[in-house]
Structure formats: C-alpha cells, structure tokens
1. Restricting the first residue to the stretch 118-140 and requiring it to be free of Cβ contacts under 8 Å to residues at least 24 places away in the same chain, which pairs with a second residue that is polar (S, T, N, Q) and within 10 Å of the ligand (Cβ to nearest atom) meet a Cβ separation below 9 Å and a spacing of at least six or different chains?
2. If you go through the stretch 94-124, how many residues are more than 19 Å from residue 152 (Cα to Cα) and within 12 Å of the ligand (Cβ to nearest atom)?
3. Is it true that residue 30 is free of Cβ contacts under 8 Å to residues at least 60 places away in the same chain, away from the ligand (no atom under 16 Å from the Cβ), within 22 Å of residue 142 (Cα to Cα) and not polar (S, T, N, Q)?
4. Among (1) within 30 Å of residue 134 (Cα to Cα); (2) exposed (fewer than 14 other Cβ atoms within 10 Å of the Cβ), there is one condition residue 88 misses while meeting the rest; what is its number?
5. Can you tell me which residue in the stretch 121-175 is surrounded by the most Cβ atoms within 10 Å (Cβ to Cβ), limited to those that are acidic (Asp, Glu) and under 25 Å from residue 98 (Cα atoms)?
6. Are there any pairs, at least 6 apart or on different chains, whose C-beta atoms fall under 6 Å, with the first in the stretch 86-113 and assigned to a helix (DSSP H, G or I) and the second crowded, with 21+ Cβ neighbours inside 10 Å, and if so, which?
Amino acid sequence: MFRLAVFVSGRGSNLKAILDAISIKYLNVEISTVFADKRECGAVDLAASHNIPVYFVSKFFKENYILLEQASDVLINLKIDLVVLAGFLKKIPDNLVDHFTNKIINIHPALLPSFGGEGMYGMNVHRSVFNASCKVSGASVHFVDKVYDNGKIIAQSCVDITDVQSPEEIAARVLEVEHKLLPFVIKKISENKITIVDNRVFILN
Ligand code: GRF
C-alpha cells in the first residue's frame, strides 16, 4: 500500500478530505503517520480519532516528539512514499527535501507563483488577493523544494471571485476546491501518473 505522512498545523480540513477520499475508496493509500507542530488542533484530534500515530515537531525531548531535522529517519523507517503538507506552517529543512526530492507536496490556497512565500499563509493570502482586487483565485499543489512555495506546480484549480465582498468569502471558495485538488494529486502520484519532462510536470490520464 502507498504510504503517506501528512504534516499539519491547524484545523485539518485537508486531512479530513484525504481520509474521506480513502474511506470512499477514491484513494488506495494509507496515512501511516501525522506530523504536527501543535498539540492542540483539529488535525491532531482528527488523527487521534482515526488511530493514526502522531509525531509532534518540537525541540523538547519527550515521547513522540521529534526535531524536524531528524524527521527523515522516521519517515524512511516508516517507508513513507509521499509527504503531504496539508496546512503545515513550518519550513521543511533542506535535509528532508534532499531525502524526499519530488516526494513532498504542499497545498497552497492561491494561484502560485503569485501570493506565495514566507508569511503567505492562511488569511494573509486571501487578504492580499482581496486587496489586489483579483478576479480569480484558487489552489495550487506543488512539489516542495528548499524555498517557500517555490517548487514545480503539479496542479491548480481556479475559482471566480469577481463578486466576493470579503477575504473570508475567498477563503471559503478556495477551500472547497482544495478539498478536491489535494486528493486528486495524491491519487495521481500514488498511481505513478505524474511525470516531469524538461522541468514541466505532466499528469497522465
Ligand atoms: C489550507 O487553506 C491550505 O491550503 C493552507 O492552510 C490551510 C489549512 O487548512 N496551506 P486545514 O488545516 O487543512 O483545514
């Protein structure tokens, strides 16, 4: 079975979208572990309710606590095929990117390469999109490299925001497409249907 590690920091709606996709057998994968940088968050509760082992990213040395710089050993031991950043806010250390080149993906709630980079997360993104008076926004799933939100884009989904009155409305519309896009990309990767040719990512049918 294709094995995922899902990294989270927040409410966990994208983790739930993956779990739902597994339960309806859209995805033939298992979530072997969840890494979280907070003890108290919806995503951790969700993992616990599905009996998924959680590692806490922290400098403290307690049971199930781990330094992100040492995560690659754990992920290799667990035979993880793909690391999915689903709302994870910490930067992925270079050594992890080196061990898992093109095996770490991130979902970003805007159409990259716009509105990405350090500090561009959550409502910061949607506020910037709103203030720029954009007429479309969307979600991007990309490979993770050593620079925030910079890796090759795998797939994107657009939403019309011509008529929105607030950044919150943008967030709600984008989140809806995120929940379809992320399982879709995981499915394609797990089926080995993603190729990179001359730096461009292609999705096979
Ligand atoms: C999502 O909008 C995701 O794109 C971003 O952080 C948010 C996480 O939401 N990276 P959730 O925790 O999956 O509900």
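1. none
2. 3
3. For residue 30, the condition - free of Cβ contacts under 8 Å to residues at least 60 places away in the same chain, away from the ligand (no atom under 16 Å from the Cβ), within 22 Å of residue 142 (Cα to Cα) and not polar (S, T, N, Q) - is met.
4. Status for residue 88: all satisfied but (2).
5. Ranking the qualifying residues of the stretch 121-175, first place goes to 149.
6. Between residues of the stretch 86-113 that are assigned to a helix (DSSP H, G or I) and residues that are crowded, with 21+ Cβ neighbours inside 10 Å, the close pairs are 96/71.
One line per residue, one yes/no per condition, for (1) part of a loop (DSSP other than H, G, I, E, B); (2) under 23 Å from residue 19 (Cα atoms); (3) at pLDDT below 95:
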site: 126; (1), (2), (3): no, no, no
site: 129; (1), (2), (3): no, no, no
site: 146; (1), (2), (3): yes, no, no
site: 154; (1), (2), (3): no, yes, no
site: 174; (1), (2), (3): no, yes, no
site: 179; (1), (2), (3): no, yes, no
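The values are calculated or read from the model by the stated rules, or taken from the named source; none is laboratory data. Being a predicted model, the structure only gives us computed values, none of them experimental. All Cβ positions, glycine included, derive from the backbone under ideal geometry; neighbour counts span all protein chains shown.
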